[in-house]
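The structure under discussion appears below in the form of structure tokens.
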Amino acid sequence: MAAPQGYPLLCLENPLLDIQARGDDTLLEKYGLKPNDAILAEDKHMGIYEDLLARDAKLIPGGAAQNTARGAQYMLPEQSVLYIGCIGKDKYGEVLKKTCEEAGVHTEYRVDEAQPTGKCGVVITGHHRSMCTHLAAANEYKIEHLKQPEIWSLVEKAQVYYVGGYHLTVCVPAIIALGEEAAAKNKTFMLSISAPFIAQFFKDQLDSVLPYTDYTFCNETEAIAYSEGHQWGTEDIAEIAKKLALLPKKNTQRPRVAIVTQGTLPTIVAVGSATGTVDVKEFKVREISKDAINDTNGAGDAFAGGFCAGIVSGKSLDDSIDMGQWLASKSIQELGPSYPFPKQTY
Ligand code: 26A
């Protein structure tokens, strides 16, 4: 049962089960994968899940914004986070639901009768991860689900919206509906670009939702992919962050903040203003010894989770960035996009 008072943070995207194993160049070459990338699976990729299982793959709850939702709830009081997406009527879907419940995240999944729950093959080579996603049921999310009165009343009760950019391949109308709600009532709307292919091949969809964003997240490769796609003629991260911060904005009552993470390099934050000036700051990451790193899959999602927790609890921009960097440093010490148990406190 949904809490009658609702949940301050609402996250929307693609619920996936990660099938994660260590791989090597032979496996990457077999499927034509880059060591560090995220793609949508085509027919030729469908064998990868069996191959990963044959390599003793671990099944780990994933889906980028679902990881962010669990991360934010990790740092917030009980009943703070609602997650929405589409799963299948199967065992994997049950696993995802249970994991969210255990993490204290309330879910309102659409359950598709025909398609299985989506899965993401994750090939780990050193500190790189290559992800190949078969969306299946996750691709069946529909705006009609969001508009059901009992779900929409939760949308209205939320104060902060976080959408994973991967959802741009699935249901743009749902993203726009959240963006409109946020803009009309001066609530906070955040979006992560999620992967270079979103900036390259879902450029129009991305550009249709960016005006709603109060916070735009990306990493350095996504920033460069966006810049290339828009012929900005620069690979300078601070320059790109500035331009992202100054893109047209629907709600002019808030400045846009563009946040670019760069692995172990400092996080670049650009804060725009209505007058066209922009302020850029750098934040060092929390250092972790190489031996303490388990895998970096989900580090960006964890960063966004900690950051959302900061914004939801009314913390300053600087403090929210630090909360993001803290949660990312915790997540990379776990297997996959997970958080330490028993719970550690910030
Ligand atoms: C549509 N695509 C490609 C995706 C994803 C995705 N989540 C949603 N949609 N491709 C990979 N992921 C998730 O990214 C997390 C790491 O950042 C994986 O499930 C993984 O948990």
How much accessible area does Glu102 have with a 1.4 Å probe, in Å² rounded to the nearest 10?
130 Å²
Measure of exposure for Leu317: accessible area at 1.4 Å probe, Å² rounded to 10, is 40 Å²
Using a 1.4 angstrom probe with every protein chain in place, what is the largest-first accessible-area order of Met1, Met190?
Met1, Met190
How much of the accessible area of the chain, in percent, comes from carbon and sulfur atoms when a 1.4 Å probe is used?
51 percent
In terms of the charge dipole of segment 61-138, which places +1 on Lys and Arg and -1 on Asp and Glu at the beta carbon, the residue among Gly121, Ile87, Val111 farthest towards the positive end is Gly121
What residues qualify as long-range amide H neighbours of Tyr83, i.e. H under 5 Å apart, gap of 5 or more or another chain, H built at 1.01 Å from N?
Cys11, His106, Thr107, Glu108
With every protein chain left in place, what is the accessible area of Met46 in Å² (1.4 Å probe, nearest 10)?
70 Å²
Alpha carbon centroid spacing (whole Å) that separates segment 195-274 from segment 59-80
24 Å
Tell me what the chain gives for mean residue ellipticity at 222 nm when only DSSP H runs of n ≥ 4 count, each as -39,500 (n - 2.57), the sum divided by the residue total, rounded to 500 deg cm²/dmol.
-10500 deg cm²/dmol
Run a plain Debye calculation on segment 94-151 (Cα atoms as equal point scatterers, no solvent) and give log10 I(q)/I(0) at q = 0.31 Å⁻¹, rounded to two decimals, same order as the q list.
-1.15
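Determine Rg/Rh for the chain; Rg is computed over alpha-carbon atoms and Rh is the Kirkwood hydrodynamic estimate from the same atoms.
Ratio of gyration radius to Kirkwood radius: 0.94.
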Computed over segment 203-267, the relative contact order (Cα-Cα under 8 Å, seq sep at least six) in percent reads 43 percent
Given a 1.4 Å probe and heavy atoms of the protein chains only, how would you sort Val111, Val285, largest accessible area at the top?
Val111, Val285
Are there GluC sites (Glu not before Pro) in segment 277-346 that DSSP marks as loop and that have at most 13 other Cβ atoms within 10 Å, and which are they?
Glu287
Average accessible area per residue (Å²) across segment 196-346 - probe 1.4 Å, nucleic acids and ligands excluded
46 Å²
From largest accessible area down, sort Lys330, Lys58; use a 1.4 Å probe on the protein chains.
Lys58, Lys330
Within straight cross-link reach of Lys281, meaning Cα distance under 30 Å, which lysines are found once same-chain residues fewer than 8 apart are removed?
Lys185, Lys187, Lys203, Lys242, Lys243, Lys249, Lys250, Lys290, Lys315, Lys330
Positive-end extreme of charge dipole, segment 197-307 - chosen from Pro211, Leu244, Ile288 (charges on Cβ):
Pro211
Per residue, how large is the accessible surface of segment 86-186? Use a 1.4 angstrom probe and give square angstrom.
41 Å²
Neighbour cut-off at most 11 other Cβ (10 Å), DSSP loop, chymotrypsin sites (Phe, Trp or Tyr not before Pro), segment 25-115
none
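The values are calculated or read from the model by the stated rules, or taken from the named source; none is laboratory data. Remember, it's a predicted structure, so these values are computed and weren't measured experimentally. Glycine also receives a Cβ, built like all others from the backbone with ideal geometry; neighbour counts cover every protein chain displayed. Just so you know, the surface numbers come from the protein's heavy atoms only, side chains and all, with ligands and any DNA or RNA stripped out. Shrake-Rupley method; radii C 1.70, N 1.55, O 1.52, S 1.80 Å.
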